[in-house]
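The values are calculated or read from the model by the stated rules, or taken from the named source; none is laboratory data. Computed from a predicted structure; not experimentally measured. We place every Cβ from the backbone using ideal geometry, glycine too, and count neighbours over all the protein chains shown.
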Amino acid sequence: CFRRTLTKVPKFLPANTLILIITKTNITSLKKDNFQNTRRLTSLRIEKNPLSEIPLGVFRSLKRLNYLSLSSNNIQELPDQLFNASVNLQSLSLSYNQLKQVQASLFAPLVNLKDLDLRGNQLSTIPDRTFDQLKELRKLNLEDNKITHLSASIFEKLTKLEKLRLHENKVKEIDSGCFSNLHQLTELSLQYNRIEQLPADLFQNQEKLEKLFLSNNLLSTLPNGIFLNLPQLIKITLYSNMLKELSTGTFGPMQGITELWLYDNQLATLPDNVFSNLTQLQLLVLSRNQIIDISVNAFSGLNELKELSLHSNLLTTLEEDLLNNLQKLESLSLKNNSLHSLPKNIFSNVPNLQKIQLQNNNLETLPEEIFKSLSQLKEVNVSDNPWRCSARIAFLRNLLYSHNDTKPICHNPMALKGTPIAMLDVDQLIHETTTQSESTKGSSSLSPPHEAGTISPAENTSFVGPTTQQYTDKPNIPTREGDHPSSGGATRKTPISPARENDHSVNRKKENKKTSPYRGCNYAADAKVCADIAYKQQCSFFVLKNNALKKNSRGQYIESHKGQMSFFKRKKINLFIFETTAFCSNTFKIFIRGLKKKLMKVTAIWFTEVWLFSGDSAFYSFLPQKPYKVQSHCIVLHIFCTQMFSSKLLLLFLVQEYYGFSQSCPVACNCFRGLKVFCSDEKTSEIPEKIPNNATELFFMMTKINKLTTGAFNNRSALTKLVFMNNLINDIESGAFNNLCNLIELEVTGNPLSNLNNGTFHNLKHLKKLNIQFNKIKTINNGLFDKLEDLEVLQLKGNCIDFLLDGVFDQLKRLMLLNLAQNKITAVPGGIFGELCNLKVLKLNDNEISMLSPKSFDGLSNLAILSLSGNQIEELPPDIFSKLVSLKRLHLENNAIANLPLQIFHGLENLFLLHLQKNQLKVLPVGLFDQTPNLVKLILSQNQIRSVSDKVFGRLIKLETLALSHNQITMLPKKACSGLISLFTLDLQNNSLHYIDGAAFENLTSLETINLSYNQLETLPQGTLDPLYQLYSIYVHKNPWICNCHLLYLVEWIQNNTNIVQSLNEVYCISPDHLKGQSL
């Protein structure tokens, strides 16, 4: 019954009515005889009405009633003895009314009651003995009231109670012994109250407690030992309190606790062994406290910890051995502290660390080898620190450069302030032979003053320039005072004042006589004058220094020497030296263009500090400290852009080849810094001869080289990296790589190479990475890799390998990654990988594998990732994975697997990701996942699964994502989701679901997203979605909903939760006809 015109309960209800729902009417009161003719009622729901008056005796004839809901009305009081005849009642909801008190004897007759819901009222006190007769009660919900005190006897008789919810009250005090008799309690919610302290014995008898919520209270201390007797606890929340300390005995042995959230407290210190009993803890969050000191053994016992968050505290230093016990740590957050230094060996015992957050601290430098032991490191965030860009952080510059991280910027010296560390050249970093005060003295003048009428960038003493002794085979290069190695480069000359820019020529002539040991035009202010002087005096070099910029009428920067660069075209100047010179970027480009067009007979250029300006925005360009050999009168420029301040771009004009002053570069190649050589001329058919001897990296891309002959790299012993990508190589002679004794990385990819001779790699004893992907190799011969004892990465993806010979990988003892994906392998013989004891990643996906031996993966005790997806596997030997004790990710998707042996996943206790989608699975046997307790993500989509047995997922208490979409599941039984207490996402779309048990989702209290779309659901049982109080997203569209009284629960639920129902316009009635197409 649901009409606003209805003001009283209808008289002539069918006598055989079992379920009666009266909702959204205008009924304000009930009469004693309202239900005289409906004695067979088992379920009565009177909800969302203006009902305020309920007379005594109204339910006396409903002796079969087992479910009664009076929720969401205006009831302020209930008469004593109202439920005297309701002895069979099992569930009673009085939620969301205006009850201010309940009589002590009100619930006394309800001896069979299992679920009592009193949430959302105005109860401030509950009389002692109120619940004494409810000895069968399993669930009591008192949340969202105004209760201030919990007495010792209030729950004394509820010995079978499993769930007690008291959150969102005003509880200040809890008496000792309040929960003493609640031996069966599994969930206790006390969050969002005003609790200031807890009795030491409060949880003494809760040995079955699994979830304890204490967050958002006013707790300042925790009694020693308060959590000592909670062995089954798997979740505890203590965040958002006022905790000032934790004692060593706070936490007892809790093997099930994997996450501990302590953020938003006032913790100042962490003592030794404070978490030592939490041996299975994987996540510890201590952020947003006031921690200033952490004892060296504070994290002792946390051998399984993977993520530690200490951000937003007051830490200034850390003990060197602090992380020694955290061998499995993968992520560490120390951002938003006040750390000014880190010990050199702080990360030496955390080999699995992958992510470190150090941003927003006071770090100026880091020890050079601080990250040396972190072979798994993937991300380091060090931005928003006052970095001092000295030679001491050269290693950090290399790390940031390799990760393309341009956020961390220099703070000191002022000459580099604001420059991304990753974009620095090594020669720019300060050589700290001086004291801190010397190197920073007077550095403030280095930034261009935008407010001035003219700009004169000052000289930068952070750079150590070359001397004439360094390049004796070239024309004399002027040496700045203080730049000679003997002086340490620390002498700083006074920058020229913009105000004196017009009368400085006389002084500079005097300065030339004192400081210039060479003939030439030094410190010239006017390009035209100096060009003429240079020509008359036959200068072999030319110095342009301290030139000013002026602002025009538009407020834009222009050069004082603008338009005079053309004078250089007619003069024979062998060497240009630009020191602290201001250019407009367009003029700089014109100058370079002149070199390219051979308009200037220049053989070399020396840059120290150059400012580039564009329009009204100033840009700084760091430039290297080596001369440039101009090959064929041409310099190649690369322009890099990075975001800076309000979308302005920092243009970095990097002139190449500055290390190659004394080295030539092949015409068909580009030489970067003399150490990195790129050859990509399509006309190149052989290895060029004039590659610089000191080159460390050599790249050939898209050339016509088709053969690598013996001795091709003689005199190239400096090479550490050699790459051939997309060439025409079809043959590599056995001695082709001789003499490359320092080679670390070799890549030969995208070639028509079909065969590799056994001696191809024999002399590459230090090789760590070998990449021979996407060629046409058919066979890997025994002995091919035997000499590569240091090899760590072997990439063989995308070839035509169809068989693996025994022993082919046996000598690769240090191999960590082996990629055999996208070949034509049909079988994996037993023991083929048996000697690869350090292997962590094995990729066999996208082959033609149909046969696996029970011993295919024997010996791989350290394997973390195994990919077998995209093959033709129909059957798996029962014990094939049993020895992969370290396995974390297993990919079996896109095969033809129809059955999974019950013990197939036994031994995989560390597995957290399992992909089984796109197979032919029909049944999931109970116990299949019992040996994978750490599984976090399970994908079973696109199979032929028809049913989900009770408790099949019962042991997966850490599972967060379960995908069962695109199967043939028809029903979801009561315990199908049993055990999934941590599940966040459940995907059941595109099945054939027509029935879901009303208690199927009872344990999914953490669920945030559920997808039930594209099924055959016609209705949902009463209360099905009620346990999902964490839900953010639900999909129920594209189901044939029958809009009769049985659907009323879902209709009301949707109307109350429209903000989380997705595709709401597609949720509509399929019948009856008069409602067809109408939105729920």
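Here is a yes/no grid of residues against (1) at pLDDT 95 or above; (2) surrounded by 21 or more Cβ atoms within 10 Å (Cβ to Cβ); (3) over 22 Å from residue 812 (Cα atoms):
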position	(1), (2), (3)
843	yes, yes, no
850	no, no, yes
858	no, no, no
861	no, no, no
868	yes, yes, no
878	no, no, yes
890	yes, yes, yes
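So, residue 785, is that one under 24 Å from residue 847 (Cβ atoms) and either in contact with an Asp or Glu (Cβ under 7 Å, 6 or more places away or on another chain) or hydrophobic (A, V, I, L, M, F, W, C) (or both) or not? Taking the combined requirement at face value, the residue satisfies it. If you go through segment 876-892 and keep only what is within 29 Å of the chain's Cα centre (by Cα) and in a loop (DSSP other than H, G, I, E, B), you end up with 881, 884, 885, 886, 887, 888, 892. Here residue 1025 meets each of (1) aliphatic (A, V, I, L, M); (2) in contact with a helix residue (DSSP H, G or I) (Cβ under 8 Å, 6 or more places away or on another chain); (3) under 20 Å from residue 1072 (Cα atoms) with one exception, condition (3).
If the requirement is being within 25 Å of residue 295 (Cα to Cα), in contact (Cβ under 8 Å) with a residue 24 or more places away in the chain, surrounded by fewer than 21 Cβ atoms within 10 Å (Cβ to Cβ) and aliphatic (A, V, I, L, M), which of these qualifies: 242, 254?
Sole residue among the options that is within 25 Å of residue 295 (Cα to Cα), in contact (Cβ under 8 Å) with a residue 24 or more places away in the chain, surrounded by fewer than 21 Cβ atoms within 10 Å (Cβ to Cβ) and aliphatic (A, V, I, L, M): 242.
The residues of segment 259-278 that are assigned to a loop (DSSP other than H, G, I, E, B), within 20 Å of residue 1006 (Cβ to Cβ) and in contact (Cβ under 8 Å) with a residue 40 or more places away in the chain amount to a single one, 263. Just give me the residues in segment 718-749 being on the phi > 0 side of the Ramachandran plot and crowded, with 18+ Cβ neighbours inside 10 Å, in sequence order. Matches in segment 718-749: none.
Identify all residues within segment 899-925 that are among the β-branched types (Val, Ile, Thr) and surrounded by fewer than 19 Cβ atoms within 10 Å (Cβ to Cβ); write none if there are none.
Residue satisfying the conditions is 923 alone.
Taken over segment 300-341, the residue count meeting the criterion of being closer than 23 Å to residue 405 by Cα and either touching a Pro at 6+ places or on another chain (Cβ under 7 Å) or among the basic types (Lys, Arg) (or both) is 1. Within segment 764-785, the residues that satisfy the criterion of being assigned to a loop (DSSP other than H, G, I, E, B), modelled with pLDDT of 90 or more and either over 24 Å from residue 752 (Cα atoms) or within 33 Å of the chain's Cα centre (by Cα) (or both) are 766, 767, 768, 772, 773, 774. Contact annotation: residue pairs with Cβ atoms under 8 Å, 6 or more positions apart or on different chains, pairing a residue in segment 1042-1065 that is touching a residue at least 40 places away in the same chain (Cβ under 8 Å) with a partner that is of a type in the set (Phe, Trp, Tyr), are 1048/2; 1063/1035. Applying the criterion of at least 3 residues that are farther than 13 Å from residue 109 by Cβ and in contact (Cβ under 8 Å) with a residue 24 or more places away in the chain to the strands (runs of 3 or more DSSP E) found wholly in segment 41-94 leaves 43-47. Residue count for segment 267-277 satisfying the condition of being surrounded by fewer than 17 Cβ atoms within 10 Å (Cβ to Cβ) and touching an Asp or Glu at 6+ places or on another chain (Cβ under 9 Å): 3.
Filtered by the rule that a residue be under 30 Å from residue 280 (Cβ atoms) and either buried (at least 23 other Cβ atoms within 10 Å of the Cβ) or touching a residue at least 40 places away in the same chain (Cβ under 8 Å) (or both), segment 360-372 gives no residues. Residues in segment 220-238 that are in a loop (DSSP other than H, G, I, E, B) and surrounded by 21 or more Cβ atoms within 10 Å (Cβ to Cβ): 6 in all. Only one entry in 326, 283 is within 24 Å of the chain's Cα centre (by Cα), surrounded by fewer than 19 Cβ atoms within 10 Å (Cβ to Cβ) and more than 22 Å from residue 398 (Cα to Cα), namely 283.
Residues in segment 809-835 that are of a type outside the set (Asp, Glu), within 23 Å of residue 743 (Cβ to Cβ), surrounded by fewer than 22 Cβ atoms within 10 Å (Cβ to Cβ) and touching an Asp or Glu at 6+ places or on another chain (Cβ under 9 Å): 5 in all. For segment 298-327, a residue qualifies if it is within 23 Å of residue 220 (Cα to Cα), part of a loop (DSSP other than H, G, I, E, B) and of a type outside the set (Ser, Thr, Tyr), and the qualifying residues are 298, 299, 310, 311, 313, 314, 315. Residues considered: 157, 208, 163. Of these, the only one that is in contact (Cβ under 8 Å) with a residue 24 or more places away in the chain, under 24 Å from residue 113 (Cα atoms) and in contact with a Phe, Trp or Tyr (Cβ under 7 Å, 6 or more places away or on another chain) is 157. Of the residues in segment 1011-1019, none is closer than 23 Å to residue 951 by Cα, among the hydroxyl-bearing types (Ser, Thr, Tyr) and in contact with a helix residue (DSSP H, G or I) (Cβ under 8 Å, 6 or more places away or on another chain).
From the set of residues in segment 76-110 that are among the hydrophobic types (A, V, I, L, M, F, W, C) and more than 16 Å from residue 59 (Cα to Cα), which is surrounded by the fewest Cβ atoms within 10 Å (Cβ to Cβ)?
Within segment 76-110, the match that is surrounded by the fewest Cβ atoms within 10 Å (Cβ to Cβ) is 104.
Considering the conditions (1) crowded, with 16+ Cβ neighbours inside 10 Å; (2) at pLDDT below 90; (3) more than 30 Å from residue 814 (Cα to Cα), residue 397 is excluded by exactly one of them, (3).
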